[in-house]
Amino acid sequence: MSDNASEKPEIRVGDRDRNAAMERLGNHFADGYLDINEFSKRTEAAAVAKTRGQLQALFADLPAEVASDSSQDAPATPQRQSADQELQTLMKKGRQLNIVDSAAGVIVCITIVLMFFTDIDNAWLGFIVAAAVALIGRAALNINDDEEKLLNEINEEESKRRADRLRLAAQKRREIQEGQQ
């Protein structure tokens, strides 16, 4: 959020602002400024925030993040950037891993089709090729089991958060529609 945000806290925010706030909260959580309960409460509040002021209130007692043109709390900056960069790298690996897994899945599907609808004797080798693609892809991306588990947890949490946000939006819409009748 820009300096204008502090000047006009009544300005409404959109998904981009809420997502940026949740990402900043994630950085503070990763750096140890928030415990799990505080992080949970604040991200829930960020997900339903309507104004800049509501988002700003979530950061009132947290250290300021360093903007590109300012020199703030130097010790906290490398940790925050490090956690953010690490998360970004992991998420990039996750997207690439999804491509690798999709390729392996396509190979499996083609193999099944070839086995049942053609007379190719060695079609079963497609299963070995699919397994090799998955294993080599993981090795090339340098993804270990812990990172893959973490990626799955992050994706599940994001899905749950999105579902909760959509449920809340649907509930609010129903309440508004009932109020208009």
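The values are calculated or read from the model by the stated rules, or taken from the named source; none is laboratory data. No experiment lies behind these values; they were computed from the predicted model shown. Every residue, glycine as well, gets a Cβ built from its backbone with ideal geometry; the counts of neighbours run over all protein chains shown. Surface areas here come from the heavy atoms of the whole protein model, side chains and all, with no ligands, DNA or RNA. Shrake-Rupley method; radii C 1.70, N 1.55, O 1.52, S 1.80 Å.
What the table shows:
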item	result
Estimated FRET transfer efficiency when R0 is 30 angstrom, pair ASP164-ALA64 (beta carbons, to 0.05)	0.55
Under-5 Å amide H pairs with THR51, H placed in peptide plane, nonlocal only	VAL13
Projected label distance in nm at ASN155 and ASP101, using a 7 Å step from Cα toward the beta-carbon	0.3 nm
Per-residue HN-Hα couplings for the range 49-57 [Karplus 6.51, -1.76, 1.60; θ = phi - 60°; Hz; x = Gly/Pro]	4, 10, 10, 4, x, 5, 5, 4, 4
Nearest-0.05 FRET efficiency for GLN177 and ILE110, computed from C-beta distance (R0 45 Å)	0.40
Cα lying deepest toward the dipole's positive end in the chain, options TYR33, ALA134, ALA47, charges on Cβ	ALA47
Residue with peak Gaussian network fluctuation, the chain [Cα springs, cutoff 10 Å], from ASP146, ASP15, ASP31	ASP146
Helix runs (DSSP H) in the chain reaching 20 Å along axis by Cα, Kyte-Doolittle at least -0.5	76-117, 125-141
MRE, 222 nm, helices only [DSSP H, n ≥ 4, -39500 (n - 2.57), over the chain, to nearest 500]	-25500 deg cm²/dmol
Largest-first ordering by accessible area, 1.4 Å probe, given options THR43, THR118, THR89, THR51	THR89, THR118, THR51, THR43
Cβ-defined net charge surrounding SER40, 13 Å radius [Lys, Arg +1; Asp, Glu -1]	-1
Entry for mean projected area of the Cα convex hull in nm² (calculated from the structure that is shown) out of (1) 10.7; (2) 9.5; (3) 16.3	(3)
Accessible surface ranking that places the most exposed of ARG95, ARG18, ARG12 first, with a 1.4 angstrom probe	ARG12, ARG95, ARG18
GNM top mover of GLY94, GLY26, GLY53 - the chain, alpha-carbon springs below 10 Å	GLY53
Probe 1.4 Å - accessible area at LYS92, Å² to nearest ten	110 Å²
